[in-house]
Ligand code: S6P
């Protein structure tokens, strides 16, 4: 049996047909319902409020507290691939900034992402398959440290890069305390053979159980149910990751900032954890409920833009603006879209982005507002949608962003203000086409907030605004791609097969959609990847990493495969011709079926 057919996170079952959601409001409400499973759990599995998970959270909080109290000899590393790595980076940067603002605390968080800093902006999934690389970079990063709290994030419990690092921690438990964050039961961890390694993700993650029983590791894997779009762990999995990381740091910082009893008093720390989780639940429920129509209108506008070969641009600053760039970076691997289709720009460019490797250089990767002004502003047309993320925090003294926004409003593009606070700047909002007000009802959260010192309250508020912004941006970009025909039932029908996991996911999608055997699906996928009606022996016998190296940039691999298998006698040439004429797979399929 194909293991992917019953995994909850990363892949999953068809539960709603988002591909034919009848109106944009449906997309918002279905994604929102799905997100709430982070808190409600899935079937009888352990959920975020289960004792074992709360215990693992408390253990992690306790270790984080120790690191914050002893930052010279210890450090905290968050690591992952794709969205999981980006969120680790995002949170580590946020916490470091917070620590630097507090007197007497020192920045001590770090991050690792498979593929290095460029992967924060562009997908480089092949590195996700490399456990040896994972181990090496972790070892180098922590060489000087006596004690390391390592948090490895892999939503589907499927990244060999993370497994390699956890394996390293397990072999050095005197220095490392490993925490695994993921959203499948352990028995569903990926057990596929990993090239150049004698272990699998499953074998390593299972070894963690023993370390956990000796209080030397923690496994944080509440089961949260399938993603709204199969395999799109950037969505619910990403949101759950951020909720867990935020809560870990909010409670440990609370302890470090004065309430010394808390770290030894488990019941009160558990109470705080539950309060915080409830706040996240309320925000993730309340905003889509209240703003469903507004978000739906923006989805419609963004979808029209992508459908007419226009663009979806996010402009912003600071932490909220960064979420636009993270959301944009996920679109090419998820939907096979072009890097330019959905792009984010940040006031201050790389210096504000705050990555370790600094300016990532060439004009194609430039994320500054200046680059947007130079290359994109002049070409804006009615086919483009431009969203000012976190618009209420943009003031007249943010000259760069403020001025470019004035210019954007003069163009024919659809302009959207996405505000997280009562908008203070009328100048920003005036004359825009659409608005989404993500203002949180703070009064309803007061009773949860009171126990925290004022500076931490502000941090929690920021984190809640971030989660709501992330959710809204995910809804917009996902909805826009649904409208572009990139989702069929709840499958991403044009994902890039750019690593081992995605190669197998491609096979699994074809098997499920067309009811063919795995071998048949694999063969047709290879024909599509190599654009050959007849494969050579070298091609059929090559390792998966070789297929990825040779052909992962080939566009429309799955749409072509569907036509090859679904239409009798269809050749590569015919499939490609049809898809050029009818880019949406539904229409292409129907057209070929008629002939
Ligand atoms: C998924 C996203 C991917 C994943 C990455 C890591 O929507 O596009 O980049 O984040 O593959 O997955 P995981 O399961 O290890 O967190």
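The values are calculated or read from the model by the stated rules, or taken from the named source; none is laboratory data. Because the structure is a prediction, the values reported are computed rather than measured. Note that we place each Cβ from the backbone using ideal geometry, even for glycine, and neighbour counts take in every protein chain shown.
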> Any idea which of 298, 408, 342 is in contact with a strand residue (DSSP E or B) (Cβ under 8 Å, 6 or more places away or on another chain) and within 16 Å of the ligand (Cβ to nearest atom)?
Replying inline: 342
>> Condition first: touching a helix residue (DSSP H, G or I) at 6+ places or on another chain (Cβ under 7 Å) and within 23 Å of residue 544 (Cβ to Cβ). Can you find one or more residues in the stretch 100-114 that meet it?
In response: yes
>> Could you go through the stretch 336-352 and let me know if any residue there is part of a helix (DSSP H, G or I) and in contact (Cβ under 8 Å) with a residue 60 or more places away in the chain.
In response: no
> Out of the stretch 353-369, which residues are touching a helix residue (DSSP H, G or I) at 6+ places or on another chain (Cβ under 8 Å), closer than 25 Å to residue 79 by Cα and either within 16 Å of the ligand (Cβ to nearest atom) or not in a helix (DSSP H, G or I) (or both)?
Replying inline: 354, 355, 356, 357, 358, 359, 360, 366, 367
> List, please: which pairs have Cβ atoms under 7 Å, are six or more places apart or on different chains, and start with a residue in the stretch 155-171 that is outside the structural domain of residue 234 (by TED's automatic domain parsing) and within 22 Å of residue 244 (Cα to Cα) and end with one that is within 15 Å of the ligand (Cβ to nearest atom) and modelled with pLDDT under 95?
Replying inline: none
>> For the stretch 234-247, which positions are more than 11 Å from the ligand (Cβ to nearest atom) and touching a strand residue (DSSP E or B) at 6+ places or on another chain (Cβ under 8 Å)?
In response: 244, 245
>> Going by what's in this entry, would residue 372 be described as buried (at least 18 other Cβ atoms within 10 Å of the Cβ) and part of a strand (DSSP E or B)?
In response: no
> Could you list, in sequence order, the residues of the stretch 200-233 that are more than 16 Å from the ligand (Cβ to nearest atom) and more than 23 Å from the chain's Cα centre (by Cα)?
Replying inline: 203, 206, 207, 209, 210, 211, 212, 213, 214, 215, 216, 217
> What is the residue count in the stretch 545-585 for residues that are on the phi > 0 side of the Ramachandran plot and buried (at least 18 other Cβ atoms within 10 Å of the Cβ)?
Replying inline: 1
> Restricting to the stretch 194-228, what's the tally of residues that are closer than 30 Å to residue 489 by Cα and either out of contact with any helix residue (DSSP H, G or I) (no Cβ under 6 Å at 6 or more places or on another chain) or without any contact (Cβ under 8 Å) to a residue 40 or more places away in the chain (or both)?
Replying inline: 4
> Restricting attention to the stretch 411-437, which residues are out of contact with any strand residue (DSSP E or B) (no Cβ under 9 Å at 6 or more places or on another chain) and modelled with pLDDT of 95 or more?
Replying inline: 412
> Looking only at the stretch 516-549, which residues are within 30 Å of the chain's Cα centre (by Cα) and either assigned by TED's automatic domain parsing to the domain that holds residue 129 or within 22 Å of residue 579 (Cα to Cα) (or both)?
Replying inline: 521, 522, 524, 525, 526, 528, 529, 530
> If you check residue 166 against the conditions, is it within 16 Å of the ligand (Cβ to nearest atom) and closer than 13 Å to residue 217 by Cβ?
Replying inline: yes
